[in-house]
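The values are calculated or read from the model by the stated rules, or taken from the named source; none is laboratory data. No experiment lies behind these values; they were computed from the predicted model shown. We place every Cβ from the backbone using ideal geometry, glycine too, and count neighbours over all the protein chains shown.
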């Protein structure tokens, strides 16, 4: 199982999840996924969604 790191960023008033991992060649790969949550009043919900996504994300299925 590949370790997937992640963090949140604000863009256009919404939270985005940035996921990062190393592929089979050792290269760093990233994927940006919108949470659909507005920044105001949703930080804990966005952090919870990030942790859940990190656990469930499978880089091997990425194209």
Next on the checklist: If I go through the stretch 32-52 residue by residue, how many of them are closer than 9 Å to residue 15 by Cα and assigned to a loop (DSSP other than H, G, I, E, B)?
Outcome noted: 2
Checklist outcome for this item: Considering the stretch 20-34, residues that are within 12 Å of residue 3 (Cα to Cα) and under 11 Å from the mean Cα position of the chain (by Cα), and then whichever is surrounded by the most Cβ atoms within 10 Å (Cβ to Cβ), we arrive at 21
Next on the checklist: Can you say whether residue 37 is modelled with pLDDT of 95 or more, surrounded by 10 or more Cβ atoms within 10 Å (Cβ to Cβ) and over 14 Å from residue 54 (Cβ atoms), as far as the supplied structure shows?
Outcome noted: yes
Item to check | Total residues in the stretch 52-63, condition under 12 Å from the mean Cα position of the chain (by Cα) and loosely packed, with under 14 Cβ neighbours inside 10 Å | outcome: 4
Checklist outcome for this item: Restricting attention to the stretch 1-31, the residues that are part of a strand (DSSP E or B), touching a residue at least 24 places away in the same chain (Cβ under 8 Å) and out of contact with any helix residue (DSSP H, G or I) (no Cβ under 6 Å at 6 or more places or on another chain) number exactly 7
Next on the checklist: Can you report the number of residues in the stretch 1-19 which are loosely packed, with under 14 Cβ neighbours inside 10 Å and under 14 Å from residue 58 (Cα atoms)?
Outcome noted: 4
Checklist entry - within 8 Å of the chain's Cα centre (by Cα) and touching a residue at least 12 places away in the same chain (Cβ under 8 Å): does that describe residue 49? => result no
